[in-house]
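Down below is the structure, laid out as structure tokens.
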Amino acid sequence: MIDLDVIKMDVKGQVSVEYLLVILVVLLVFGMLLTHVITPSIEASSDVSQSSDAKNAVDTIANAADLVYANGPGSKRTLSVYIPKHKDFTTGTDGISMTVVLWDKTNKVITRDTDSKLSTQNLNSVSAGWHTVVVEWKQNEKVVTVNLT
């Protein structure tokens, strides 16, 4: 004869497994939705941070160039600046510019005009990280030079 207690236990076990599967599916769907919502937010905050670092670097170097220009020929200023990952970094007669690539592959150009003419330099070979910047207006020169090491 069939034992009814064994059948009741089998049904309870099946119901428990079904609940576990439903909970698993709900968690998977919730995780996928959460990933689609959080990922753009993380990338956007990363873009803001990188753009802020670039603006800080450009402003710091431009301020040093303005100070050297104000002090006249023969003046020099040495400073430490964090240079973020960038696509293009140049100085020229119109100031300093740095281009950073955002997560959606668009470019953001950060520029800063200076009071003086700067020597035209392509600083793209500079890697991301902390660098020593020497801003100098040599005697008998018409432009301020910016050197990164």
Quick one: compute the contact order of region 6-148, relative version, from alpha carbon pairs under 8 angstrom and 6+ residues apart, as a percent.
24 percent
Likely footprinting exposure, His131, His86, fewest C-beta neighbours within 10 Å first
His131, His86
Short version: what are the Cα gyration tensor semi-axes of region 6-148, square root of 5 times each eigenvalue, largest first, in whole Å?
59, 12, 10
Using only the alpha-carbon atoms, how far is helix 4-71 inclined from the longest principal axis of the chain? Give it as 0 to 90 degrees, nearest 10.
0 degrees
Quick one: of Lys76/Lys138; Lys108/Lys142; Lys85/Lys108, which pairs are farther than 19 Å apart, Cα to Cα?
Lys108/Lys142
Assertion target for Val135, Val17, ordered by fewest C-beta neighbours within 10 angstrom first, is Val17, Val135
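Any read-out appearing in this document is the output of simple, stated calculations on the displayed coordinates, not a laboratory observation. Not measured: the values here are computed from a predicted model. Here the Cβ is made from the backbone with ideal geometry for all residues, glycine too, and neighbour counts use every protein chain on show.
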